[in-house]
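In what follows, a single structure is set out as structure tokens and then discussed.
The values are calculated or read from the model by the stated rules, or taken from the named source; none is laboratory data. Not measured: the values here are computed from a predicted model. Cβ placement follows ideal geometry from the backbone for every residue including glycine, while neighbour counts extend to all protein chains displayed.
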Amino acid sequence: MEQFLQHIVNGTILGGTYALLGIGLTLIFGIMRVVNFTHGELYAFGAYMAYLLVQVLELNFFVSLALATALGIGLGAVIEFVLIRQLRSTDIDTVMLVMIGAWIALQNFWQLMFSGVAKSISHPFPNLPLVFGPISVAPIRLFVIAVAIALLVGFYLLVNRTKLGVAMRASFQDPDVAALMGVNISLMRTLTFALGSGLAAAAGALLGPIFVVTPTMGDLVALKAFAIVILGGLGNIVGATIGGFVLALVEEFGAGYISSGYRDAMGFLLIIVVLAFKPQGLFAAKERIG
Amino acid sequence: MSPRLTPWLLVAFFASVPLWIGNQYFLYILTATGIFIIAAISLNLLLGYTGQLSLGHVAFFGIGAYVAALCSLGFDLEFGSTVFVFPRQPVWVGFIAAIVVAAGFGWLIGRLSFKVRGAYFVIVSISFAQVMRMVALNWVDLTEGPMALNNIPPLSLWIPGEGVIGFFKKEYNYWLVLLLVVLSYVIVQRIVRSRVGRAMIALRENESLARSVGVDVTRYLVVATVVSAGMAGAAGALYTHYIRIVDPDVFLFIYTVIMVIMVVTGGKGTLAGPVVGGFIFGALPEVLREVAQPEVQWILYGIAMILIVFFLPQGIVPALANWWAAKRAKAKSP
Amino acid sequence: MTLPPALLEIENVTVHFSGLVAIADLNFRVPEGRIFSLIGPNGAGKTTAFNVITGFLKPTSGRVLYRGHDLTRLSPDRIARLGVVRTFQRTSIFGGCTVFENVLTGLHLRGTTETWGALFGLGRVAAEERALAERAREIIAFVGLAARANELAANLAYGEQRKLGIAIALAADPKLLLLDEPAAGLNPSETEEFMHTIQRVRDRGVTILLVEHDMRLVMAISDTVVVLNNGVIIAEGPPEAVQNDPEVIRAYLGQGAKRAAD
């Protein structure tokens, strides 16, 4: 029973960051229809920037995390502006191929700059886990879930309660009408991609201090993000949030009770099984891609 | 020079290479490139001609590699108290098994691809390859996991009068691979120029229209995937007997990416595309080895892919063909 | 009133889209060897009806019968095999292939070569390919595209692409041909040429069901016209009768029908 509760706690904490990744990608893949293979690299970018700022430049931990996220937003904007905007009229496969090229270039760039050696990021939290009855949690993890939830809530409010959010949603649901109302569609697209990328970078910056930073850390994460998006339904922010937690819990329990070696396979098996029975994802989106 | 003759002259040229190039390492590179070209040709049938965004292709390659290895090494599995022993098989049996098993998985994926379309299918195909990698990594009893299966026997062929000869010499492997490259090319050529190929291309160009003239979508998606997977499995079997070691890294996504780059930059949907692309990206790493680290090379490949998509969207072969045609048109008109 | 035997029967077809009724209890019969037109204002349900008949949409209730066969549950390719072929309003061609290849592809049902034959077949397969090529050239000449046979379909002018769409459909050897707004975007002389082509197709024994906006064309070539409005049939009969039907005039606000009557 204690193990069960511990798994729930671990899964929930990890789920928070998975949700961030999922939301970012559901905007980009689900709404903008871009098969974004660079999403994992933005995650890695966030982690590497956090490393650079905290370890190398020795800035304040919390400032560094915020800055890493901001830089992630910036990189996302650049990618959209330079690569995707030019291709807007072409089909989904072409954009996907460009994203693959960008993914390879970026990942090898980290490898070149930082070498393959795993980097760790020091944090100001005590290392001794807090114990609540049968459950123990490291303080940094509590910090991570707190920030993740804050970002999730903030993002949800942004998209649903602000004028900017309305403009963003309008430009994808009905571009012609939105344009007539004075919304700058190109700007909205760049902003959406940038925000989605920023969330991925935030997830990387948050998890960097808990795990280590390696050049290939983005690969598995990217695929899991796709799993989450499919689970939650393309473009469905709430679905992606729930999907993130579901995937993390499935991984935790699968690794705990079945086999830890297959932990990372859980996500992929989940995708295959879900799509085999519900080809449109769990919370089916109205239109199909392709 | 007649366009019909050129391909045969090229084949003759390449067949002659081991006779005047003694450098063993060079032969090794060409042979490995040849194996990748076969895989690229198979991917081209699915991606280029049928328009299926399959990014899990390395799964079929890896399955072929492991099946061939396991068949020629033999293996035993324990199920509780019973032990299932699979005896060593001659190389050619493993080779056929590799093709059949890979094609079988191709059939499964082909049937799945009809239900799951477009970008969803991309994700499913990638996931499939990842699951295969996890299985290879974790089912240690069967696959030795990361310890790899090694001491795999080399390719061998039955030569009349000599019996079965193991190909320990690089030249024999090279010629066998060259033969199989030509065979793969011809297989795909015959398919795409037939009624079957027209149906596949129709699926790529306009699926609704294809259905309205009676093309059974599921059937041709499955045919394309099965042939493509079987061919990739054959390439995997070649790889296993050539390198003689196979480990779970054979399922890495990066190898699918390499194949995709070869097909796309060479020219998807053309017969020569994967050959040209395969050659460039097979040989390039070696050419650049002295000049640039692997990371830098990969950055360049990533950028090259982006540039080609932007500026030569059809790939190198069609761009060259258009340029050549334009030149001839100019030469004809005063 | 005796009618020739019905080739196509639409029986009580209803289509609901999440609360919205696109077609309600549609009933009509298309007799063999005639040109039958389906018209109505935008949103009347014409394209929905079309998609139901050709298997691209499953109705909420009702049946579509073709020579007694129930088409309702069949997929589009099976329906094509029975002899019912449609054209498309947009995306009507295989853009990356030449005109010749387009029509050859349309001849898919005429051939029998599968993978084994493609790889190993010799004489018989080659003979089949030659016969198909011959037939393709015939059809290309029939629609008047012989001069453009080796051109990439995507490079054709709009009017030529529409002709190619017809050619592809004809290649599939239809007994019943369904044309989805075939004259959309054609200029008057192209429409005139198209009209003659359709009549020649009808003369070859093909029954034609047409969905169209161009009243002149519809009134000139149809044997029977059915008018749809808000998912319900409001008139059915020969062109002259329908033109003067007050219900029809009201539905169109007097514009289309009146103009055709002048």
key: Qualifying residues in the stretch C:1-43 (those that are hydroxyl-bearing (Ser, Thr, Tyr) and at pLDDT 85 or above) - the one nearest to the chain's Cα centre (by Cα)   = C:SER37
Filter pass, A:ALA105 being among the aliphatic types (A, V, I, L, M) and either more than 10 Å from chain B (Cβ to nearest Cβ) or closer than 28 Å to A:LEU247 by Cα (or both) = no
task = Might you check whether a residue that is within 16 Å of A:LEU20 (Cβ to Cβ) and assigned to a loop (DSSP other than H, G, I, E, B) occurs anywhere in the stretch A:235-251?
result = yes
request  = Output the residues belonging to the stretch C:130-149 that are more than 10 Å from C:VAL99 (Cβ to Cβ), exposed (fewer than 15 other Cβ atoms within 10 Å of the Cβ) and hydrophobic (A, V, I, L, M, F, W, C).
outcome  = C:ALA131, C:ALA133, C:ALA141
inquiry  = Please pick out the residue among C:ASP223, C:ASP180 that is in contact (Cβ under 8 Å) with a residue 40 or more places away in the chain, among the acidic types (Asp, Glu), under 25 Å from C:ILE79 (Cβ atoms) and within 14 Å of chain B (Cβ to nearest Cβ).
reply    = C:ASP180
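Yes/no per residue for (1) touching a residue at least 40 places away in the same chain (Cβ under 8 Å); (2) outside any helix (DSSP H, G or I); (3) touching a Pro at 6+ places or on another chain (Cβ under 6 Å):
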position	(1), (2), (3)
C:LYS58	no, yes, no
C:LEU74	no, yes, no
C:ALA80	yes, no, no
C:GLN89	yes, yes, no
C:GLY95	yes, yes, no
query = B:ALA199 passes all but one of (1) in contact with a Ser or Thr (Cβ under 8 Å, 6 or more places away or on another chain); (2) part of a strand (DSSP E or B); which number fails?
reply = (2)
request  = May I ask you to verify whether A:LEU223 is modelled with pLDDT of 80 or more and within 11 Å of another protein chain (Cβ to nearest Cβ)?
outcome  = yes
request  = For the stretch A:148-195, enumerate the residues that are touching a residue at least 60 places away in the same chain (Cβ under 8 Å) and farther than 18 Å from A:PHE81 by Cβ.
outcome  = A:ALA148, A:ILE149, A:LEU151, A:LEU152, A:PHE155, A:TYR156, A:VAL159
query = If you check A:MET181 against the conditions, is it over 22 Å from A:GLY22 (Cβ atoms) and not basic (Lys, Arg)?
reply = yes
message = Exactly one of these conditions fails for C:GLY62: (1) surrounded by 23 or more Cβ atoms within 10 Å (Cβ to Cβ); (2) among the small types (Gly, Ala, Ser); (3) at pLDDT 85 or above. Give me its number.
response = (1)
query = What is the number of the single condition among (1) surrounded by fewer than 24 Cβ atoms within 10 Å (Cβ to Cβ); (2) closer than 30 Å to B:MET134 by Cβ; (3) among the basic types (Lys, Arg) that B:ARG289 does not meet?
reply = (2)
request  = Confirm whether B:PRO318 is in contact (Cβ under 8 Å) with a residue 24 or more places away in the chain and touching a Ser or Thr at 6+ places or on another chain (Cβ under 8 Å).
outcome  = yes
task = Output the number of residues of the stretch A:15-34 satisfying the condition of being within 12 Å of another protein chain (Cβ to nearest Cβ), surrounded by 24 or more Cβ atoms within 10 Å (Cβ to Cβ) and over 13 Å from A:GLY232 (Cβ atoms).
result = 2
Those helices (runs of 4 or more DSSP H) lying entirely in the stretch C:177-243 with at least 3 residues of a type outside the set (A, V, I, L, M) = C:188-203, C:239-243
query = Just for helices (runs of 4 or more DSSP H) wholly inside the stretch B:73-187: which have at least 1 residues that are charged (D, E, K, R), modelled with pLDDT under 80 and farther than 30 Å from B:THR50 by Cβ?
reply = B:140-143
task = Tell me which residues, restricted to the stretch C:202-211, are crowded, with 21+ Cβ neighbours inside 10 Å and more than 10 Å from the chain's Cα centre (by Cα).
result = C:VAL206
